[in-house]
1. Kindly identify the stretch 68-134 as rounded, prolate or oblate by the Cα gyration tensor criterion: order the square roots of the eigenvalues as a ≥ b ≥ c, call it rounded if a/c is under 1.5, otherwise compare a/b with b/c, prolate if a/b is larger, else oblate.
2. By how many nm would the segment from M336 to V21 lengthen if fully extended, with 0.36 nm per residue of separation less the alpha-carbon distance?
3. Report the antiparallel proportion of the DSSP beta bridges in the stretch 245-377 as a percent, rounded to a multiple of 5.
4. Of K195, K306, K110, which is the most mobile in a GNM of the chain whose springs link Cα atoms less than 10 angstrom apart?
5. Which FRET efficiency value, to the nearest 0.05, is calculated for S201 and K343 with the Förster distance at 30 angstrom and r the Cβ-Cβ distance?
6. Please report the antiparallel percentage of DSSP beta bridges with both residues in the chain, rounded to the nearest 5.
7. Hey, quick one: spin label on T28, modelled 7 Å out along Cα-Cβ, who in the stretch 1-19 has an amide N within reach, i.e. under 13 Å?
8. Expressed as an acute angle from 0 to 90° and rounded to the nearest 10, what is the orientation of the C-alpha long axis of helix 232-242 relative to the principal long axis of the chain?
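Bear in mind that the values in this text are calculations on the coordinates, not laboratory data. The structure displayed is predicted, hence computed values, not measured ones. Cβ sites come from the backbone with ideal geometry, for glycine too, and all protein chains shown count toward neighbours.
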Amino acid sequence: MKFATKQIHAGQHPEETTGAVITPIFQTSTYSNDKLGESKGFDYGRTINPTRSALEANLASLENGKYGFCFSSGMAAVQTVINLFKPGDHVICTNNVYGGTYRLYEQVMKNYGLEFSYVDTSDNDELKNSIKPNTKFIYVETPTNPMLNITDLKNLGKLGKEKNIITCVDNTFMSPYFQNPLDFGIDIVLHSTTKYINGHSDVIGGCLVTSDDRIAEKLKFLQNSVGSVPSPFDCWLVLRSTKTLAQRMRAHNENAVNICKVLSSDKKIVKLYYPGLESHPQHELAKSQMSGSGGIISLDVGSYDKAVSFCNSLKIFQIAESLGGVESLVCHPVSMTHGSVPKELREKFGLTDGLVRLSVGIEDNDDLIADIENALKSL
Ligand SMILES: *Cc1c(COP(=O)(O)O)cnc(C)c1O
């Protein structure tokens, strides 16, 4: 089955007692046994919930994987996957990783004896050279936020297999519609479902998908042992959202491509970052592993003051953190999401004071372009 069919049907079937087409919200903490020792396969709500199971099967299918696991946030998914490892294990992580992941690794997990290296995983040589005898895990985000650097997934999958290192890709920015890391030999895919997968800015959630039986068994154990599971209602909302994921992603992509056309012809823009542009240094790699470029655009307008006036001049784009919702948002990473990253480090990544990040929504394209053109006049 193709994506747009799977997004609506995978993991779901008419409810048995009534034939309800939509999977119900099984708002229950426990399940009754007919006789002592005879359960229907359901014992306790943290361990298993039918609404959650439907979502897990749906997301597994969208990522071309066998097993899905849902969590109460993207960070809970990151926490659960890092719990696969033990004191003394070395972890390689993309240097320009999501700030919350960096904070969890540096300020929490380091205290439990894990060792972390932050490297430019978009450089195949640097990645390979950073492997140590105790390296057990490579955690990659591609494209990165907000610089949109790309790591070669085929190379990563091959490296992991060769060196017997578990690989995980945070696929939040592309969604399963534009990129499926498992197809490249990656072991685990992670999403903050808060972003594109839910897409309506009303749920915090996360998921992991794998096809590896042994990893799946451990993740199932950890999901139940750690217990950061999502509510049945949140699972139901996400399940409803995945039914339109393909259509939303195409609309995000189309709007973003058209906005890039306007931005790239404006001389006031110092630098434009979008994987779909031929000027992106990894455009060819992007095309080989992503079937679209998504809805995130970063642009450098030249200075802090210009970034402020650009953001304040936008009317449809709302100034907010987060991304991936149907509504367009604008963020100034230096004063919002990346404020805690030291200036020297930020500038090394190209994350300057003039950088602005757009999360392009699915509103009417003409209206969004008019909004951007108006804000450009403020520069
Ligand atoms: C938002 C985000 C996360 C964390 O997810 P939450 O749902 O906010 O906990 C992780 N990775 C990326 C790339 C994100 O954008």
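1. Taking the square roots of the gyration eigenvalues as a ≥ b ≥ c, the stretch 68-134 is prolate.
2. Length gained, M336 through V21: 109.2 nm.
3. Around 85 percent of the beta bridges assigned by DSSP in the stretch 245-377 are antiparallel ones.
4. The residue that fluctuates most here is K110.
5. 0.50
6. Of those bridges, close to 55 percent are antiparallel.
7. 16-17
8. It works out to around 50 degrees.
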